[in-house]
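Heads up, the thing below is written out as structure tokens.
The values are calculated or read from the model by the stated rules, or taken from the named source; none is laboratory data. Bear in mind that the values here come from a model prediction, so they are computed numbers and not experimental data. Cβ sites come from the backbone with ideal geometry, for glycine too, and all protein chains shown count toward neighbours.
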Amino acid sequence: MTARLPTITSLAELTGFIGDDVYLRWSQGPEADEASTSRDSLTGVELPGLSASPLHIEPWWGDRSRELWVARRLFDYRHLRDLRGPGVRAWVLRGAEVGRGPDNEPLVRCLDALAWVADSALRECSALVGAQRSDEWGPLDRSNSDH
């Protein structure tokens, strides 16, 4: 299944996947996730689904850039690629929400794997987020936080 997934190469292409039941996930892919769920990294508790970021646009976003919306979704958890090791990458899935995780993220059951996200889209994401020039915003990376 994984080898046959199409690859999204740009943010514009990723916006075509926006939908109420569409999510972005960072992992080794749908085959690796098929028989597992996510775990809370603080306590080790097994969660009832896979942690994912929703790709639907909230009404308050209005007519702002759809590319910036999906760039934020990619940017938020891009550190997981390095944190979780080789083979981890972003991919898009259609899923059913089964709960909320400890960071209030959706926990989903994958219904259909839709596409991989290419490095070219990730570079575009970083450039677009960087162009916003916000000193108060960044990825949701806790690996460098003080304990």
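Of all the criteria given as (1) at pLDDT 95 or above; (2) farther than 19 Å from Val70 by Cα; (3) among the small types (Gly, Ala, Ser), the one not satisfied by Ala113 is (2).
For region 19-69, the candidate set comprises residues that are in contact with a Phe, Trp or Tyr (Cβ under 8 Å, 6 or more places away or on another chain) and in a loop (DSSP other than H, G, I, E, B); within that set, the residue that is surrounded by the most Cβ atoms within 10 Å (Cβ to Cβ) is Ala52.
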